[in-house]
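This report concerns only the one structure given below.
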């Protein structure tokens, strides 16, 4: 997935950024999963498209500092 919106403040989640990719989405059970790139944690899946799969970006809570795994 690619980042489509830079970090912004979501009242219920704090700092988040949005990601999306064709025919890819996050489901309710994915919430809490780490977002990993090059063996670094960049965030935690907060929410995906709740009503229609692949119709809206997935919100990722921004870790603000990349953590090694």
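The values are calculated or read from the model by the stated rules, or taken from the named source; none is laboratory data. Computed from a prediction, not measured in an experiment: that's the story for all the values here. Counting neighbours? That spans all protein chains shown, and the Cβs are built from the backbone with ideal geometry, glycine included.
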(request) Give the residues of segment 17-40 that are assigned to a loop (DSSP other than H, G, I, E, B) and more than 13 Å from residue 2 (Cβ to Cβ), sorted by residue number. (result) 23, 25, 26, 27, 31, 32, 33, 38, 39
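Every residue, every condition in (1) surrounded by fewer than 13 Cβ atoms within 10 Å (Cβ to Cβ); (2) modelled with pLDDT of 85 or more, yes or no:
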residue: 8; (1), (2): yes, no
residue: 13; (1), (2): no, no
residue: 18; (1), (2): no, yes
residue: 25; (1), (2): no, no
residue: 29; (1), (2): yes, no
residue: 41; (1), (2): no, yes
residue: 44; (1), (2): no, yes
residue: 50; (1), (2): yes, no
